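Here's the structure, in structure tokens; my notes come after.
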Amino acid sequence: CRSRRVLVDSQATRADLMQIVHTPPTKIDVVYPGIDPDLQPVTDPTLIAETSRRYGITPPYLLYIGTIQPRKNLVRLVKAFSAAEVDQQLVLAGKMGWLSRPTREAINDLPLNVQKRIILPGFVPDADKAALLSGATALLFPSLHEGFGFPLLEAQVCATAVLTATTSSLPEVAGSGALLVDPLDTGAIADGIRRLTTDDDLRRQLIAAGRHNVKRFTWETAASQTLTALLAAAQ
């Protein structure tokens, strides 16, 4: 590695670089990105209802936001949703990506009454994201691997409870503002879904912790840390 400094967005990515490409740890700086300061929770119930209706969503609903691809662990998620037997919709919001077919097939293999409650609205523009997040019972994001994980922070900004995985950068980014589950254990994901849909106190605790957690991620801090790293590289 000929670079003087390497900037990464999480401790998990730092560990990956050290293990996979043998980058010396003294050359790596972790600089967390910031969250969009324009993203704010939507408190107007009419706007939330109108946005949901445009995407064919009927509250209450659980939300996933991201590309439909294997790394996101959506086959296990839809199976866990079926096993959880909760009276909510599951919204998988995102464009179809690499190898999305297994996810669609997994949905088609579910009982018809469950299939009808899984909504695939496609890509959601930033203008609608806050309303969909604010109206959701919880964000479900049990991804197998993430270098960072912006949807976690976006949900926390919008005062929405989060379920995510115990792997890669996700616990690091979510802090104490998420319910962590083993992403390889469909039963554990299903149990987490049941808890988040039935335990109001748990959701309130996660929302409060999430609001505190997002304060760690600002572009001002990222800029300051980047400048420090660049000055160190120039010496």
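In table form, for the structure just shown:
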quantity	calculated
Inter-label distance, nm, simple model (7 Å from Cα along the C-beta direction), L231/T218	1.9
Nearest-0.05 FRET efficiency for E172 and L47, computed from C-beta distance (R0 35 Å)	0.60
Per residue solvent-accessible surface (Å²) - the chain, probe of 1.4 Å	49
Under the Karplus curve 6.51 cos²θ - 1.76 cosθ + 1.60, θ = phi - 60°, whole-Hz ³J(HN,Hα) for region 153-165, x wherever Gly or Pro sits	5, 4, 5, 5, 4, 8, 6, 10, 5, 10, 10, 8, 8
Point-charge dipole on Cβ atoms (K/R +1, D/E -1) for the chain, about Cα centre, debye to 20	520
Loop sites in region 112-158: trypsin sites (Lys or Arg not before Pro), DSSP, at most 16 other Cβ within 10 Å	K116
Alpha carbon centroid spacing (whole Å) that separates region 207-235 from region 1-72	15
The chain, relative contact order [Cα under 8 Å, separation at least 6], %	24
Test item: Cα-centred dipole of region 82-206, Lys/Arg +1 and Asp/Glu -1 on Cβ, debye	340
Using θ = phi - 60° and Karplus 6.51 cos²θ - 1.76 cosθ + 1.60, couplings along region 28-43 (whole Hz; Gly, Pro as x)	9, 10, 8, 10, 5, x, x, 8, 4, x, 7, 6, 9, x, 9, 10
Three-way shape label, region 1-146, alpha-carbon gyration tensor, a/c 1.5	oblate
Solvent-accessible area, 1.4 Å probe, carbon plus sulfur percent, for the chain	54
Loop-located chymotrypsin sites (Phe, Trp or Tyr not before Pro) in region 81-132 whose Cβ has at most 12 other Cβ within 10 Å (DSSP)	W98, F123
222 nm mean residue ellipticity, helices alone, for the chain (DSSP H n ≥ 4; -39,500 (n - 2.57); rounded to 500)	-13500 deg cm²/dmol
Amide H contacts of Y61 (H built 1.01 Å from N, under 5 Å, at least 5 apart or other chain)	Q89, T137
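The values are calculated or read from the model by the stated rules, or taken from the named source; none is laboratory data. Computed from a predicted structure; not experimentally measured. Cβ: placed from backbone, ideal geometry, glycine included. Neighbour counts: every protein chain shown. Just so you know, the surface numbers come from the protein's heavy atoms only, side chains and all, with ligands and any DNA or RNA stripped out. Shrake-Rupley method; radii C 1.70, N 1.55, O 1.52, S 1.80 Å.
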